[in-house]
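The values are calculated or read from the model by the stated rules, or taken from the named source; none is laboratory data. Nothing here was measured: the structure is a model prediction, and the numbers come from that model. Positions of Cβ are backbone-derived with ideal geometry, glycine not excepted, and every protein chain shown enters the neighbour counts.
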């Protein structure tokens, strides 16, 4: 009886305390947190060979005062695992100091968040939303999985955009080595795979050269592919680790993979913010921003942001990437937060956070094409992976162009859409397909527009299988 009475009295006291806290809050007094609901996640990533030390002051019982995030210490030379992901939990408004430390001969380049200053130390306040911050080191690794369906030997070399004119292409080391398979060149015996690689400075472009019997480039792990290819050459912009496939003799057959520790396979929280004395809008195919916005996207996903100022304002610049052009093309992961700056017409530019320019930023052409605009679209192919479904198609243009693709069903209803900015030449583009989309025949509508405004439109049928 006495125990029951005490329990009831304790319950009444607890209810009374909650009521008192509510009354304090109504009067404007600060109310202490009664639960750990204010804990937020800082999704810390390391891309390349190095580590990041995260530290806070006055850590509570549910926080760590010091955490170290780094890639695995011992991995095979040809391993693509040059990355680390470390979800860290902190209380809201906690200031976390991040310190990047390169390993071996690597060099720290920049942070993915535009609030971080240049240099290896960045202090960030944990907000009310989860956020991703990536530390990028140089070099990054380019990996080529080579299959052989030919009885002839082949070779694989590479050149960099920074190489002098006429430089001799560099052979790629491979695993297993040549003496292990008694084979010259990089082509393995029939039915065998070799993995070749090269470490490339962050922000450069590498061109892979394949010499052999009918070389064909294809999808590597996690759906990565050449940014552009022409015959036996594959071009890659190295803003992060890249993995592609090469098959001598026929189109590559890529087996499913179950590795989930790579950042290409994990969603990145991407933020867009606005700053300045003016106002405007920012959007892309997957984002429609008000005051600010965020989305969870795959590492390496291309974003084509467009900033439009309101009638009483003007667009000034981006902070962290892309410079002063209102069109901003970037890769998510190397950039996880970017700010669009708008100013009221007639007022000076606002002071904005400084940040290193992303190597994924693309310079704008100073001259527009004066020759007739030409464009073509190849036959689309449906690619079904373990975690994604995509339509791959090639677009060839005679000048820098904006490409928009819309996939519609038999009733003309939109299923998926995408937009890209591409330079002159041939590019392989990939359009994601929602998993709920049923099998059947669909129409891919592609619009190509060059900088002066000339437009070419195409329709291609594509069959989707489950």
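With the requirement that a residue be surrounded by 15 or more Cβ atoms within 10 Å (Cβ to Cβ), farther than 24 Å from residue 453 by Cβ and over 20 Å from the mean Cα position of the chain (by Cα), what does the range 397-421 give you?
407, 408, 409, 415
Can you tell me which residue in the range 422-464 is surrounded by the fewest Cβ atoms within 10 Å (Cβ to Cβ), limited to those that are under 27 Å from the mean Cα position of the chain (by Cα) and at pLDDT below 80?
Checked the range 422-464; the qualifying residue surrounded by the fewest Cβ atoms within 10 Å (Cβ to Cβ) is 436.
Among the residues of the range 307-325, what is the count of those that are surrounded by fewer than 17 Cβ atoms within 10 Å (Cβ to Cβ), touching a strand residue (DSSP E or B) at 6+ places or on another chain (Cβ under 7 Å) and either touching a residue at least 12 places away in the same chain (Cβ under 8 Å) or assigned by TED's automatic domain parsing to the domain that holds residue 420 (or both)?
Pass one, the range 307-325, residues surrounded by fewer than 17 Cβ atoms within 10 Å (Cβ to Cβ): 308, 310-312, 323-325.
The next check asks that each one be touching a strand residue (DSSP E or B) at 6+ places or on another chain (Cβ under 7 Å); those that pass are 308, 310, 312, 323-324.
With the extra rule that they be either touching a residue at least 12 places away in the same chain (Cβ under 8 Å) or assigned by TED's automatic domain parsing to the domain that holds residue 420 (or both), the set shrinks to 308, 310, 312, 323.
So the answer is 4.
Does residue 282 count as modelled with pLDDT of 80 or more and out of contact with any helix residue (DSSP H, G or I) (no Cβ under 7 Å at 6 or more places or on another chain)? Walk me through it before giving the result.
Details: modelled with pLDDT of 80 or more: yes; out of contact with any helix residue (DSSP H, G or I) (no Cβ under 7 Å at 6 or more places or on another chain): yes.
So residue 282 passes the test.
Can you name the condition, by its number, that residue 155 falls short on among (1) at pLDDT below 90; (2) under 23 Å from the mean Cα position of the chain (by Cα); (3) over 30 Å from residue 38 (Cβ atoms)?
Residue 155 satisfies every listed condition except (2).
Are there any strands (runs of 3 or more DSSP E) wholly within the range 190-272 with 3 or more residues that are at pLDDT 85 or above and surrounded by fewer than 22 Cβ atoms within 10 Å (Cβ to Cβ), and if so which?
193-200, 205-211, 233-237
Do we have any residue at all in the range 274-292 that's under 22 Å from residue 83 (Cα atoms) and part of a loop (DSSP other than H, G, I, E, B)?
No - not one qualifying residue is present in the range 274-292.
Of (1) over 22 Å from residue 242 (Cα atoms); (2) within 22 Å of the chain's Cα centre (by Cα); (3) not assigned by TED's automatic domain parsing to the domain that holds residue 49, residue 149 satisfies all except one. Which?
(2)
List the number of the failed condition for residue 386; all other conditions in (1) within 22 Å of residue 302 (Cα to Cα); (2) modelled with pLDDT under 85; (3) in contact with a strand residue (DSSP E or B) (Cβ under 8 Å, 6 or more places away or on another chain); (4) surrounded by fewer than 16 Cβ atoms within 10 Å (Cβ to Cβ) hold.
Answer for residue 386: the failing condition is (3).
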